[in-house]
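Here's the structure we're looking at; comments come further down.
The values are calculated or read from the model by the stated rules, or taken from the named source; none is laboratory data. Quick caveat: nothing in here was measured; it's all calculated off a predicted structure. Here Cβ is always computed from backbone atoms with ideal geometry, including for glycine, and neighbour counts include all displayed protein chains.
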Amino acid sequence: MQTKLVAAPCGDIMGAVTDYGAVFRGVKYAEAPRFGMPVPVSYAGVQDATRQGPCCPQMRAFWNEEHRFYYREFRKGKTFTYSEDCLILDIHQPKDAKDAPVIVFAHGGSFTGGSVNEMQFDGSAYARRGIIFVAINYRLNVFGFFADGESSTGNLGIYDQAAAISWLRRNISAFGGDPDNITLMGQSAGAMSVQTLICSDEVKGLVKGAVMLSGSGKRGLLLPLSKPNTRYWKKLMKASGAADIEEFRKLPTEQVWTTWKTKHLVGKALQTKPVLDGKLIKNDRYETSVPTVIGTVKKDLLPPVLNHMARAFARKQKKKGTPCYVFSFRHPLPPDGASFHSCDLWYALGSLGNSPRPFGKEDYALSDEMVDRIAAFARTGDPNTADHGGWKTYSSSKDIKVFE
């Protein structure tokens with residue numbers, strides 16, 4: 001393996017040379033104690049970024065998931081490592097990058113699972129178009145959204161993402177990236193995270209655009225915001241056998257996760273999410289001054305709800321005079337004509353070649369168009385190109401770009 005060394009402000013980072021440039025995997029951007037806020041890191045020696053970093057502990061770390069659809073679609077044959085010390089990111093760097101636009105991707109998974117090294121999360125298609133593509137891991141489930149209102153006000157997983165943005169603002173120029181041209185991109189819970197960030201004063205002015213797939217839009221329909229639920233989290237802590245928060249912080253990882261997974265199930269579903277913490281999220285505001293692309297899938301999760309959320313958001317952006325481009329992904333996947341929540345990731349990330357599905361010329365052509373448009377949006381704020389035009393900012397349903 002041929003390696004490449006980058007001298008960044010945080011320290012030296014060694015990645016692997018690729019045919020499109022270089023990839024740096026498992027780059028540590030912050031660290032955090034259990035239920036604590038992320039803090040910046042620096043490296044005393046050379047950080048080895050030639051291997052994949054750890055994921056946040058989640059169901060597949062402890063329980064067999066081979067019967068699950070998303071395992072078969074995105075993870076079959078992959079290996080993963082797990083640690084609470086999981087604040088890492090992958091950087092796909094183009095050859096000869098100089099002042100390159102940067103896309104930062106937040107994965108989905110209901111705020112409870114997921115990681116950057118699933119098969120669909122491949123940034124090489126963007127690197128080949130001169131875009132630096134970054135994918136981030138962040139804390140999930142009880143580790144990322146514990147919110148007792150006392151020792152933690154919540155949103156730790158979202159604060160992790162904000163810490164990754166801060167790390168990139170300080171360090172991405174060493175990789176040839178433009179720290180003043182960062183576009184956030186996310187899907188499902190990742191899209192909700194992106195919307196949370198671009199609507200927060202904490203991230204104001206730090207990003208230039210956002211691409212949100214199947215999950216963002218008008219607040220309150222799919223993910224209503226509330227204040228931290230002290231009662232629920234204290235009941236959970238007691239159910240673990242811990243006498244207080246200090247004991248809860250010291251319990252084995254699996255014991256903490258299993259308690260969260262198996263106890264007070266109704267509360268788990270309602271409380272493991274972003275909350276009104278008075279700082280990162282002060283209210284249920286969902287409009288932003290950041291230009292956006294927002295889209296849904298034909299057979300998405302609750303398609304009428306997600307479609308309404310996206311279009312209501314777009315109408316709000318229109319009133320603000322902020323560009324918003326809306327799309328609908330209706331292309332059936334081979335060989336079974338499938339359409340499902342997350343199926344657009346293969347196309348929007350240009351990672352069809354990683355899938356066992358028998359994608360053909362039409363699939364690759366559609367994927368190339370989607371990647372070209374998103375790359376153009378990251379570069380200029382406009383998803384139209386010389387080869388692919390005609391996509392207007394949203395005014396009514398006739399302006400929705402249909403990918404089929």
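For the range 223-234, filtering for residues that are buried (at least 16 other Cβ atoms within 10 Å of the Cβ) and not in a loop (DSSP other than H, G, I, E, B) leaves 3. Filtered by the rule that a residue be of a type in the set (Phe, Trp, Tyr), surrounded by fewer than 21 Cβ atoms within 10 Å (Cβ to Cβ) and at pLDDT 95 or above, the range 1-55 gives a lone residue, Tyr20. Criterion applied to Gly267, Gly278 was being in contact with a helix residue (DSSP H, G or I) (Cβ under 8 Å, 6 or more places away or on another chain) and surrounded by fewer than 18 Cβ atoms within 10 Å (Cβ to Cβ), and the one residue passing it is Gly267. Checked against (1) without any contact (Cβ under 8 Å) to a residue 40 or more places away in the chain; (2) closer than 17 Å to Gly220 by Cβ; (3) basic (Lys, Arg), Arg315 passes all but condition (1).
Taking the options Ser216, Ser240, name whichever one is within 30 Å of Leu345 (Cα to Cα) and of a type outside the set (A, V, I, L, M, F, W, C). Spell out the reasoning first.
Details: Ser240 fails: within 30 Å of Leu345 (Cα to Cα).
When all the criteria are applied, what remains is Ser216.
Tallying residues that are crowded, with 19+ Cβ neighbours inside 10 Å, closer than 27 Å to Cys343 by Cβ and of a type in the set (A, V, I, L, M, F, W, C) within the range 200-222 yields 5. Only a single item in (1) modelled with pLDDT of 95 or more; (2) more than 22 Å from Gly130 (Cβ to Cβ); (3) of a type outside the set (D, E, K, R); (4) buried (at least 20 other Cβ atoms within 10 Å of the Cβ) is not met by Gly177, and it is number (2).
Check Lys238, Lys261, Lys298 and return the single one that is over 14 Å from Phe35 (Cβ atoms), in contact with a Lys or Arg (Cβ under 6 Å, 6 or more places away or on another chain) and modelled with pLDDT of 95 or more.
Details: Lys238 fails: in contact with a Lys or Arg (Cβ under 6 Å, 6 or more places away or on another chain); Lys261 fails: in contact with a Lys or Arg (Cβ under 6 Å, 6 or more places away or on another chain).
Being over 14 Å from Phe35 (Cβ atoms), in contact with a Lys or Arg (Cβ under 6 Å, 6 or more places away or on another chain) and modelled with pLDDT of 95 or more holds for just one of Lys238, Lys261, Lys298, which is Lys298.
Sort through Asn155, Asn171 and tell me the only one that's more than 27 Å from Asp96 (Cα to Cα), out of contact with any Gly (no Cβ under 6 Å at 6 or more places or on another chain) and not small (Gly, Ala, Ser). Within the list Asn155, Asn171, the selection yields Asn155.
Being farther than 18 Å from Leu168 by Cα, of a type in the set (A, V, I, L, M, F, W, C) and buried (at least 19 other Cβ atoms within 10 Å of the Cβ) is the requirement here; does Met185 meet it?
Numbers: farther than 18 Å from Leu168 by Cα: no; of a type in the set (A, V, I, L, M, F, W, C): yes; buried (at least 19 other Cβ atoms within 10 Å of the Cβ): yes.
Spelling it out, it is not the case that Met185 is farther than 18 Å from Leu168 by Cα, of a type in the set (A, V, I, L, M, F, W, C) and buried (at least 19 other Cβ atoms within 10 Å of the Cβ).
In the range 136-172, the residue that is nearest to the chain's Cα centre (by Cα) out of those that are within 23 Å of Tyr43 (Cα to Cα), of a type in the set (S, T, N, Q) and surrounded by fewer than 24 Cβ atoms within 10 Å (Cβ to Cβ) is Ser166.
Within the range 209-234, residues that are within 26 Å of Arg249 (Cα to Cα) sit with their Cβ atoms under 9 Å from residues that are at pLDDT below 90 and among the hydrophobic types (A, V, I, L, M, F, W, C), at 6+ positions apart or across chains, in these pairs: Ser226/Leu270; Asn229/Leu270; Tyr232/Leu270.
Scanning for something of a type in the set (Val, Ile, Thr) and without any contact (Cβ under 8 Å) to a residue 40 or more places away in the chain, does the range 263-275 turn up at least one residue?
Within the range 263-275, the first condition is being of a type in the set (Val, Ile, Thr), and the residues that meet it are 266, 272, 275.
Still in the running and without any contact (Cβ under 8 Å) to a residue 40 or more places away in the chain: 266.
Yes, the range 263-275 contains at least one residue that is of a type in the set (Val, Ile, Thr) and without any contact (Cβ under 8 Å) to a residue 40 or more places away in the chain.
Could you tell me which of the residues Glu66, Glu73 is surrounded by 18 or more Cβ atoms within 10 Å (Cβ to Cβ), among the acidic types (Asp, Glu) and either modelled with pLDDT of 95 or more or over 28 Å from Ile182 (Cα atoms) (or both)? Give the steps one after another, and end with the answer.
Numbers: Glu66 fails: surrounded by 18 or more Cβ atoms within 10 Å (Cβ to Cβ).
Only one candidate qualifies: Glu73.
Scanning the range 353-404 for residues that are of a type in the set (Val, Ile, Thr) and over 17 Å from Thr322 (Cα atoms) gives Val371, Ile374, Thr385, Val402.
Condition first: under 21 Å from the mean Cα position of the chain (by Cα) and assigned to a strand (DSSP E or B). Now tell me which residues in the range 294-341 satisfy that. Answer for the range 294-341, where residues must be under 21 Å from the mean Cα position of the chain (by Cα) and assigned to a strand (DSSP E or B): Ile294, Gly295, Thr296, Val297, Cys324, Tyr325, Val326, Phe327, Ser328, Phe329. Only one of Phe133, Phe111 is assigned to a loop (DSSP other than H, G, I, E, B), in contact with a helix residue (DSSP H, G or I) (Cβ under 7 Å, 6 or more places away or on another chain) and crowded, with 23+ Cβ neighbours inside 10 Å. Can you tell me which? One residue alone meets the criteria, Phe111.
Of all residues in the range 366-402, count the ones that are in a helix (DSSP H, G or I), of a type in the set (A, V, I, L, M, F, W, C), more than 15 Å from Arg129 (Cβ to Cβ) and in contact (Cβ under 8 Å) with a residue 40 or more places away in the chain. Full working, then the answer.
Going through the range 366-402, the residues in a helix (DSSP H, G or I) turn out to be 366-380, 397-399.
Retained after the next criterion (residues that are of a type in the set (A, V, I, L, M, F, W, C)): 366, 370-371, 374-378.
Imposing the further condition that a residue be more than 15 Å from Arg129 (Cβ to Cβ) reduces the set to 366.
Of the ones still in play, those that are also in contact (Cβ under 8 Å) with a residue 40 or more places away in the chain are none.
Qualifying residue count for the region: 0.
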